[in-house]
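Here's the structure, in structure tokens; my notes come after.
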Amino acid sequence: MEKHIQIVGDLIEFSDADSFIEKMLLPEDLMIGRVVSPVRFIEMQKFVKGSYEDRKGSKIEIRDIDELKYSACIVFGNGEGFVAVKPRGEIISLLKSPKSKIGNFMGTAFANAIMVGGNRLDCYNCDNLGPSYCKRGFIPICRIDFDPKQCDEEMARLYEDECKEIVFFMYCGDPVYTYWQKMKDDQYIGFDQYEFIPHISDIQEKIRLDIDGSDYDLAGRFRDMVWGRWNGGLKDEYMFRPNKLMNYICNDEARLAEWMIEYKYGKNE
């Protein structure tokens, strides 16, 4: 078993964990996972997927080695749960074993993901995923139409009827200790309290791009732009009212176009 955890690039020995807790960098009751190789991570996830009933197991997406090669692959307990973080901060492969006894597994997994630089994710807008992510500090940025061509045949068959959209999120940026306390006290703004979550076609229209309501790539780039603006000063103004963030981002077409052009995602005409 690995003898360290990794926090934004720094290696911290398990023996030093008490000092981090005393300094309030880590919550005392937070379960810390361990990092394993991508190959081992995939093997363990496949085993857990097989232990679910047919329909539930079929909806579990196992990432391939090429996608996980440079990711931080985190395992909890003896395969009770999993989460991975890609090099640019995308959180993927969240999975809980049906035999797991970990309480608030999603909150625990996200806390560990945040420690290794996790800051963004996207999800199918069904199975109560959006509301669950908002309760854990994630801010919805935009939506796209679900396109069955963008996933494998099995996933397309399962989600085509029940999922019409994919939602893109970014993390609010709270440090782990603050996140843990706010999450337990239910202090994060709920999904249904967000006043405006733009569809990608709205963005395309505002910046004069061809309309494609399922443009996954542009939605991710738009979120990256918002993430950059958030850390560039918008967090100070909207950290206590993130449900109004997208109103501000989108209410000035000229400014939005300028921001997107700076990121080379818009059309400079």
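The values are calculated or read from the model by the stated rules, or taken from the named source; none is laboratory data. Computed from a prediction, not measured in an experiment: that's the story for all the values here. Reconstructed Cβ throughout: ideal geometry from the backbone, glycine too, with neighbour counts over all protein chains shown. Keep in mind that these areas ignore ligands, DNA and RNA; they rest on the heavy atoms of the full protein, side chains included. Shrake-Rupley method; radii C 1.70, N 1.55, O 1.52, S 1.80 Å.
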Among 125, 247, 78, residue whose mean-square fluctuation peaks in a GNM of the chain (springs only between Cα atoms under 10 Å): 78
Average accessible surface area per residue within region 110-176, 1.4 Å rolling probe, Å²: 36 Å²
222 nm mean residue ellipticity, helices alone, for the chain (DSSP H n ≥ 4; -39,500 (n - 2.57); rounded to 500): -10000 deg cm²/dmol
Rounded if a/c under 1.5, otherwise prolate or oblate - region 94-232, Cα gyration tensor axes: oblate
Using alpha-carbon coordinates, inclination of helix 105-115 to the longest axis of the chain, degrees: 80 degrees
Proximal charge balance of residue 108 [Cβ under 14 Å; K/R count +1, D/E count -1]: +3
In sequence order, calculated HN-Hα J values of region 247-259 (Karplus, 6.51, -1.76, 1.60; Hz; x Gly/Pro): 4, 5, 4, 9, 7, 10, 4, 5, 5, 4, 4, 5, 4
Candidates 143, 34, 157: whichever shows maximal mean-square fluctuation once the chain is modelled as a Gaussian network with Cα springs under 10 Å: 157
Listed peptides 35-43, 208-216 by packing density, highest first (mean Cβ within 10 Å): 35-43, 208-216
Cβ-based net charge around residue 250, under 14 Å, with every Lys or Arg adding one and every Asp or Glu removing one: 0
Cβ crowding within 10 Å averaged over residues, with 171-184, 218-231 ranked highest first: 218-231, 171-184
Ranked packing of 162-170, 112-120, 235-243, most packed first, by mean Cβ within 10 Å: 112-120, 162-170, 235-243
Cysteines in the chain that, by Cβ-Cβ distance, have no pairing candidate under 4.7 Å: 73, 123, 134, 142, 151, 172, 250
Distant-in-sequence amide H partners of residue 25 (H built 1.01 Å from N, under 5 Å): none
Accessible carbon and sulfur surface of the chain relative to its total accessible area, %, 1.4 Å: 47 percent
Whole-number accessible area per residue in Å² for region 179-269, which is evaluated in the context of all protein chains at 1.4 Å: 54 Å²
Fraction of antiparallel bridges per DSSP, the chain only, in percent to nearest 5: 95 percent
Degrees separating the helix 216-229 axis from the principal Cα axis of the chain, which is the longest one: 90 degrees
